[in-house]
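In what follows, a structure is listed as structure tokens, so that the remarks can point back to it.
The values are calculated or read from the model by the stated rules, or taken from the named source; none is laboratory data. Values in this document were obtained by computation on a predicted structure and should not be read as measured data. Using ideal geometry, Cβ is built from the backbone for each residue, glycine included, and neighbour counts are taken over all protein chains shown.
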Amino acid sequence: MPKATAAAVNAHLTSWATRGVDGHFVGGTPWATIEDTCVTPASLAIVGAAHAHEVVYMNSLTVNLHLMMAAFYRPTAGRHTILIEDHAFPSDAYAVASQVALAGYDPATAIVRLRPRVGEAALRDGDVVDAIATHGPTLALVLLPGVQYYTGQVLPMAAVAAAARAAGVPLGLDLAHAVGNVPLALHAWGVDWAVWCTYKYLNGGPGAVAGLFLHDRHAGVPGASLPCGGGGGDGGGGGDSPPHPDRRSPASAAGGATSGRAALPWARPLPPRSARPAFNSPTRPCWRSPPSPPPSASCTRRAACPSLPPRPPASPPMPRRCCCRRRGWRAASPC
């Protein structure tokens, strides 16, 4: 946990105790705009966003995933399949299946799963790109991870984005295991949208607010607008909160990712804000400067990635313990 987190949360609670509803609009961190404080040059650089309105912090990863699929999964009789990787993160797989079912299609036939070749553990870069081209005429959406959580493989995100554009298919990325872990350049790559959590490599802690990227080319396009809720795109922080003057409506040319903001968060953005100074540190050069292209898919070990900081020395292993025939726990010895 970042050392500043406890003080930030306590200041939030003090504001609640002393200001009541006025805490929405006054104090060091008014609640109506608390999510905006997460969008800084460092938080844009860490995903490779080019504009502040391309990034928003709100909800959880799975909620944001549903919002983006509701906006971009527009199935037709001829194009209604979704391409995902086999052994996708379970919550992603459930979300995809539910969106397909809500649209009236059978997840068993409308979900195309990418599998490694027989005898191989990871997907080949070329196979991922070829699958998009092969299934392109029937695809309504491509949803892939930046880093596959089960194997640690870094997918060729730039090549995938180019292949999806060539096939005329929107691309979404789940960056839960990629953001803060590998260099990203979402705007330059032309990724349509991406979602991520902040409780892993961004040190946000359990239940921390999640992030969402929406490429600038979709800002204000009615066909790609996010579903809006209480005060979403116009900057309202809740039912009685006035619009914030710095935010624009979702119908404007710069509505962007904030169009999907639905309701006032509680203190969830505070831990990621507390962790923010770590990403301005000189020890994180690849997160402060324009990101480089991602490592190749074959780079599945951190030691092979020169752009990543080295791991700290491993802690000494804990003694093995086992339980044998009701004799209780005992120190390391074979059972």
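Key figures
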read-out: Residue match in region 109-118 (condition: among the small types (Gly, Ala, Ser) and over 18 Å from the mean Cα position of the chain (by Cα)); value: yes
read-out: Positions within region 37-61 being outside any loop (DSSP other than H, G, I, E, B) and buried (at least 20 other Cβ atoms within 10 Å of the Cβ), in sequence order; value: Cys38, Ser43, Ala45, His53, Glu54, Val55, Val56, Tyr57, Leu61
read-out: So Val195, is it crowded, with 21+ Cβ neighbours inside 10 Å, assigned to a loop (DSSP other than H, G, I, E, B) and either touching a strand residue (DSSP E or B) at 6+ places or on another chain (Cβ under 6 Å) or modelled with pLDDT of 95 or more (or both); value: no
read-out: Helices (runs of 4 or more DSSP H) (entirely within region 62-177) containing at least 3 residues that are on the phi > 0 side of the Ramachandran plot, surrounded by fewer than 19 Cβ atoms within 10 Å (Cβ to Cβ) and basic (Lys, Arg); value: none
read-out: Flag if Ala4 is in contact with a helix residue (DSSP H, G or I) (Cβ under 8 Å, 6 or more places away or on another chain), farther than 30 Å from Val169 by Cβ and touching a residue at least 12 places away in the same chain (Cβ under 8 Å); value: yes
read-out: Residue within region 139-153 that is in contact with a helix residue (DSSP H, G or I) (Cβ under 8 Å, 6 or more places away or on another chain), over 22 Å from Ser91 (Cα atoms) and modelled with pLDDT of 95 or more present; value: no
read-out: Residue identified as closer than 15 Å to Arg79 by Cα and of a type outside the set (S, T, N, Q) among Pro170, Pro156; value: Pro170
read-out: Test: residue in region 51-61 that is modelled with pLDDT of 95 or more and out of contact with any strand residue (DSSP E or B) (no Cβ under 8 Å at 6 or more places or on another chain); value: no
